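The values are calculated or read from the model by the stated rules, or taken from the named source; none is laboratory data. Everything numeric here is computed off the predicted structure, so don't read it as measured data. FYI the Cβ positions are ideal-geometry reconstructions off the backbone, even for glycines, and counts take in every protein chain you see.
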Amino acid sequence: MQRKILFILHYPPPVHGSAVIGGFIKESKVINGTFNCRYVNLGTSATVAEIGHKSLKKLYRYISLIWQVKKHIITFRPDMCYLTPTAKGPGFYKDALIIAIIKLFRIKTVFHYHNKGVSSRQDNLIDNLLYRFVFRKTNVILLSKLLYPDIHKYVPESRVYYCPNGIPDLKDENSSGGRRVESEKSEKGYSVIGIQYSVSKNEKTVTKNQSIVELLFLSHLIKSKGVLVLIEACCLLRDRGIEFHCTIAGGDAEMTPNGVEEIVAGENLEDYISVIGPKNGEEKLELFERTDIFVHPSFNDCQPLGLIEAMQFSLPVVSTFEGAIPDVVDDDVTGFLVPQKDATALADKLELLIKDPGLRQKMGAAGRAKYEREFTLEKFEKRMVEILKEVGST
């Protein structure tokens with residue numbers, strides 16, 4: 001008889017890392033074929049801009065969420081509940097009530113963290129008490145061993161499992177110099193709750209000005225993702241006389257595309273940086289195809305999916321020593337890692353890659369190989385099934 005699991009997780013919309021992975025789980029034939037699954041959307045924000053802001057609509061969604069959880073617990077009677085909680089702040093308090101309801105019914109629970117911040121709040125009296133309550137007799141899935149120190153005060157490592165993110169392969173292996181050149185039709189794709197990851201072709205070839213190296217920043221426009229550090233590094237590259245072009249792609253969040261454009265104009269970087277707003281589906285794939293170097297100078301992250309997507313497209317990555325990023329990007333092998341908020345170090349590594357196409361190709365190929373070894377969707381699904389079986393048997 002299949003074990004019954006109630007998945008309480010985020011899935012799109014809005015589109016962010018945890019929600020995308022939640023969508024993969026919800027649509028997974030492997031996971032749904034192994035267990036008897038029911039799903040409840042843990043999110044109360046309909047857009048990225050709503051995250052972190054109060055509204056009556058979000059209150060209504062939260063009340064509906066509580067009702068759905070209680071209904072499924074009573075009618076479905078799950079053997080296990082799987083949650084993707086928020087580590088700190090208002091989101092943690094919201095999730096703590098959901099967890100309390102589950103614990104009231106004495107259901108085995110596993111948390112899957114796609115964010116961090118527990119250790120930053122563990123000295124707060126109220127938060128410390130809540131953490132002791134929610135983590136009691138609870139198993140935890142983390143993206144990397146590098147993230148365990150965030151929860152070590154509350155969870156022994158014997159109750160911790162590690163499962164890196166994985167994504168479907170969106171890149172055909174028709175490539176020249178590490179770059180995909182499209183020459184035939186294909187019908188590959190992956191649908192995730194309203195988002196179509198499509199690689200359908202119409203016999204086209206992507207072209208670009210080969211004399212200008214293309215940099216890409218692709219993330220929500222949040223300061224902690226390092227977008228302002230990147231702009232500062234671009235100023236340094238321009239002042240050094242380096243030829244390049246940088247595309248900043250991302251939708252409204254803490255900042256807006258128009259706001260970022262004003263910052264770019266204020267630095268007289270209009271000839272070097274384009275701010276293009278959010279890109280998904282085919283438009284996002286075309287961005288990766290035109291790119292030479294992927295840049296993500298974050299100072300608050302766990303395991304960004306954008307890095308894995310870039311490696312899938314054989315791109316060298318320049319990022320930071322943050323969260324689980326060193327488990328994704330091998331410094332000096334698949335790209336470079338620089339100290340957080342260090343625009344000079346970022347500019348130095350970008351200059352090195354801009355000037356050396358052979359190094360870009362070598363690092364990009366190493367990144368693609370690492371994606372195939374460690375970060376495919378198939379490997380993620382297999383590991384999730386193994387963990388859920390093991391948790392259920394304990």
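Quick notes on this one:
- Every condition in (1) farther than 23 Å from L307 by Cβ; (2) modelled with pLDDT under 90 holds for R38 except the one numbered (2).
- Looking at V329, V333, just one residue is touching a Phe, Trp or Tyr at 6+ places or on another chain (Cβ under 9 Å), of a type in the set (A, V, I, L, M, F, W, C) and modelled with pLDDT of 95 or more, and that residue is V329.
Each row is one residue, and each column tells you yes or no for (1) part of a helix (DSSP H, G or I); (2) within 18 Å of L228 (Cα to Cα); (3) in contact (Cβ under 8 Å) with a residue 12 or more places away in the chain.
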site: M311; (1), (2), (3): yes, no, yes
site: L315; (1), (2), (3): no, no, yes
site: E322; (1), (2), (3): no, yes, yes
site: A345; (1), (2), (3): yes, yes, no
site: R360; (1), (2), (3): yes, no, yes
site: G364; (1), (2), (3): yes, no, yes
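- Any chance M80 is in contact with a strand residue (DSSP E or B) (Cβ under 9 Å, 6 or more places away or on another chain), without any contact (Cβ under 8 Å) to a residue 12 or more places away in the chain and surrounded by fewer than 21 Cβ atoms within 10 Å (Cβ to Cβ): no
- Filter result (closer than 18 Å to P357 by Cα and hydroxyl-bearing (S, T, Y)) within segment 280-321: T291, S314
- Test: residue in segment 277-298 that is at pLDDT below 95, in a loop (DSSP other than H, G, I, E, B) and of a type in the set (V, I, T): no
- Pairs with Cβ under 7 Å, 6+ apart, first in segment 58-71 and within 17 Å of R106 (Cα to Cα), second not in a helix (DSSP H, G or I): V69/I8; V69/V40
- Any chance V118 is closer than 23 Å to Q303 by Cα, at pLDDT 95 or above and in contact with a strand residue (DSSP E or B) (Cβ under 6 Å, 6 or more places away or on another chain): no
- Per-region count, segment 324-343, residues of a type in the set (D, E, K, R), assigned to a loop (DSSP other than H, G, I, E, B) and either free of Cβ contacts under 8 Å to residues at least 12 places away in the same chain or over 17 Å from K225 (Cβ atoms) (or both): 2
- Any pair with Cβ under 6 angstrom, 6 or more apart, that starts in segment 83-112 at a residue that is at negative phi and ends at one that is among the acidic types (D, E): P85/D95; T86/D95
- Residue list for segment 344-359, restricted to those being more than 18 Å from L218 (Cα to Cα) and hydrophobic (A, V, I, L, M, F, W, C): A345, L352, L353, I354, L359
- Annotation: P304 fulfils all but one of (1) over 16 Å from the mean Cα position of the chain (by Cα); (2) under 21 Å from G23 (Cβ atoms); the unmet one is (1).
- Segment 222-268: number of residues that are within 21 Å of P304 (Cβ to Cβ) and not in a helix (DSSP H, G or I): 13
- Residue check, G226 modelled with pLDDT of 95 or more and touching a Ser or Thr at 6+ places or on another chain (Cβ under 7 Å): yes
- Within segment 245-293, considering residues that are aliphatic (A, V, I, L, M) and under 27 Å from T334 (Cα atoms), the one farthest from the chain's Cα centre (by Cα): I273
- Among residues of segment 194-221 being buried (at least 17 other Cβ atoms within 10 Å of the Cβ) and outside any strand (DSSP E or B), the one that is modelled with the highest pLDDT is V213.
- Every test in (1) crowded, with 18+ Cβ neighbours inside 10 Å; (2) at positive phi is passed by K341 save one, and that test is (1).
- Any hit, segment 47-62, residues being at pLDDT 95 or above and among the basic types (K, R): no
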